[in-house]
Amino acid sequence: MSSTAMAGIVLSPAMSWSQTDDTLTNWAGNLTYSTNKLTNPATVQDVQRFVTNQSQFKVLGTRHCFNNIADSKHQFLNLSNLPADIEINAASHTVTLGSAVRYGQLADYLHQQGYGLHNLASLPHISVAGSTATATHGSGIHNGNLSSAVAALEFITAAGKTVTLSREKNGDEFLASVVHLGAIGVVTRVTLDIQPTYQVRQDIYENLSFNELEHNFDAIMGAGYSVSLFTDWTNKNFSEVWIKSRLDGKPITLPTNFYGATAATKNLHPIVAISAENCTEQMGVPGPWHERLPHFKMGFTPSSGKELQTEYFVPREHAFEAISAVETLHEQITPHLLITEIRTIDADNFLMSPCYKQPSTAIHFTWKPEWPEVSKLLPLIEAQLSPFFAAPHWGKLFTMPHERLKTIYGSRLTKFQQLVKHYDPAGKFTNEFLKRNIWGV
């Protein structure tokens, strides 16, 4: 692992993407990118030369976005050949690394050195730069999204200049730049907060009623370091409750009955019909943080494979009301759904984060690959969530128009537009997604 981390990023066979001479697709296969022109620089100097010589392009990471946020009609830049150069600073409790490093690789390396991160997303396959740029998250009422661990960013602007922004030195500009949606430059290095490594156990309960969640939301979602609820919206029931408990040297005893839900007797996949082979260890067996916080193991195909994903963030105080609003559509949703996951995320201070200054609850949909049907459902779901000012995940499928996003983000959107104009005045990093959602054109 150490040699892999220092020499560059090596893609596992499970994460190879569909590619022919004529096409590039995203991980799930639902999106074919608009060009197959892909450049793979080996050094940061190569990146600077490339940026300077291009009029318009986008960076492709691990391609886990389900919409066209990273799409380009012109040219792609892939940073996975850059050295990872992972550097731990014990004095500042940080780690600095090449932006293309994936969380699974970084986590394993950190653990070997005696360190950990505050949280991980469901999948360890995603890159650090792509995840933090889109406010991707794990779960836990006291855990901010992955962006909240970012202490500094190094990126190359449209002019080919290298800029470093840090939490310590750059204040509001840094807070505006962390969740940047790929709009301000090519991120080459990221610095993250780290902490001593720790142990986590994972326990699963089956069949929690909506009624119990309504009356015990905070207690249920706060029952572990990270908690996830899974439902297919039938019978007002959560088929599974995943509780990830941080041990910190102390044993934890969990009850056999959890608000009416019963302890699972075997390892489970969030989608009941799928084998749990690819899932991280359960049944209360303690293990390193990075082998329990994600739902899926690094070396296996994540989630279900071919799928679509949508996610909306609502203020935590309105969580159950929002869940109930979605439940009214269960007859339309369930036939096209694989599973829905409910998670909580703590507030942060990033301008374009859906969790800006508000503890949030995320309602996540993993859909069957049936876009014609799903595309008709999303406006219905968004309408149900409209009273709660639900914000979509930037890297997943949504249909909200720019005017609605302006209402949700308010003056923050204007400030972000100003930041983008500062670093990319001619729109070198823009694309159809940014034009539509950020600029409204």
TODO: Output the residues belonging to the stretch 221-274 that are in contact (Cβ under 8 Å) with a residue 12 or more places away in the chain and among the charged types (D, E, K, R).
DONE: Asp232, Lys236, Glu240, Lys244, Arg246, Asp248, Lys266
Open item on the list: For the stretch 390-416: of the residues being β-branched (Val, Ile, Thr) and either in a helix (DSSP H, G or I) or over 22 Å from the mean Cα position of the chain (by Cα) (or both), which is surrounded by the most Cβ atoms within 10 Å (Cβ to Cβ)?
Closed with: Ile408
Task: Within the stretch 411-441, tally of residues that are of a type in the set (A, V, I, L, M, F, W, C) and under 21 Å from Val51 (Cα atoms) - done: 6
- [ ] Kindly list, by first and then second residue, each pair from a residue in the stretch 309-327 that is in a strand (DSSP E or B) to a residue that is at pLDDT 95 or above and among the charged types (D, E, K, R), limited to pairs with Cβ atoms under 6 Å and residues at least 6 apart or on different chains.
- [x] Gln309/Lys396; Thr310/Lys396; Glu311/Lys396
TODO: Taking Asn211 as the residue in question, decide whether it is in a helix (DSSP H, G or I), touching a Phe, Trp or Tyr at 6+ places or on another chain (Cβ under 6 Å) and over 30 Å from Tyr423 (Cα atoms).
DONE: no
Task: Test result for His290, closer than 30 Å to Pro372 by Cβ and of a type outside the set (A, V, I, L, M) - done: no
- [ ] Within the stretch 344-359, identify whether any single residue is assigned to a helix (DSSP H, G or I) and crowded, with 20+ Cβ neighbours inside 10 Å, and answer yes or no.
- [x] no
- [ ] Restricting attention to helices (runs of 4 or more DSSP H) lying wholly within the stretch 30-136, give those where 3 or more residues are of a type outside the set (Gly, Ala, Ser), surrounded by 21 or more Cβ atoms within 10 Å (Cβ to Cβ) and in contact (Cβ under 8 Å) with a residue 40 or more places away in the chain.
- [x] 103-112
Task: Qualifying positions in the stretch 417-426 - in contact with a Ser or Thr (Cβ under 9 Å, 6 or more places away or on another chain) and either in a loop (DSSP other than H, G, I, E, B) or under 17 Å from His402 (Cβ atoms) (or both) - done: Val420, Asp424, Ala426
Open item on the list: Of everything in the stretch 219-246, what is at negative phi, more than 23 Å from the chain's Cα centre (by Cα), of a type outside the set (Ser, Thr, Tyr) and outside any strand (DSSP E or B)? Give them in sequence order.
Closed with: Ala219
TODO: Exactly one condition in (1) closer than 20 Å to Val179 by Cβ; (2) loosely packed, with under 15 Cβ neighbours inside 10 Å is not met by Ala426; state its number.
DONE: (1)
Open item on the list: So, in the stretch 221-231, how many residues would count as being aliphatic (A, V, I, L, M) and surrounded by 23 or more Cβ atoms within 10 Å (Cβ to Cβ)?
Closed with: 2
Task: Boolean, Gly222 is under 19 Å from Gly284 (Cβ atoms) and not aromatic (Phe, Trp, Tyr) - done: yes
Task: Residue tally, condition more than 24 Å from Thr136 (Cα to Cα), part of a loop (DSSP other than H, G, I, E, B) and of a type in the set (D, E, K, R), over the stretch 255-301 - done: 1
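The values are calculated or read from the model by the stated rules, or taken from the named source; none is laboratory data. Predicted, not measured: the structure shown is a model, and the values here were computed from it. Neighbour counts are summed over all protein chains in view; Cβ atoms, including those assigned to glycine, are modelled from backbone coordinates with ideal geometry.
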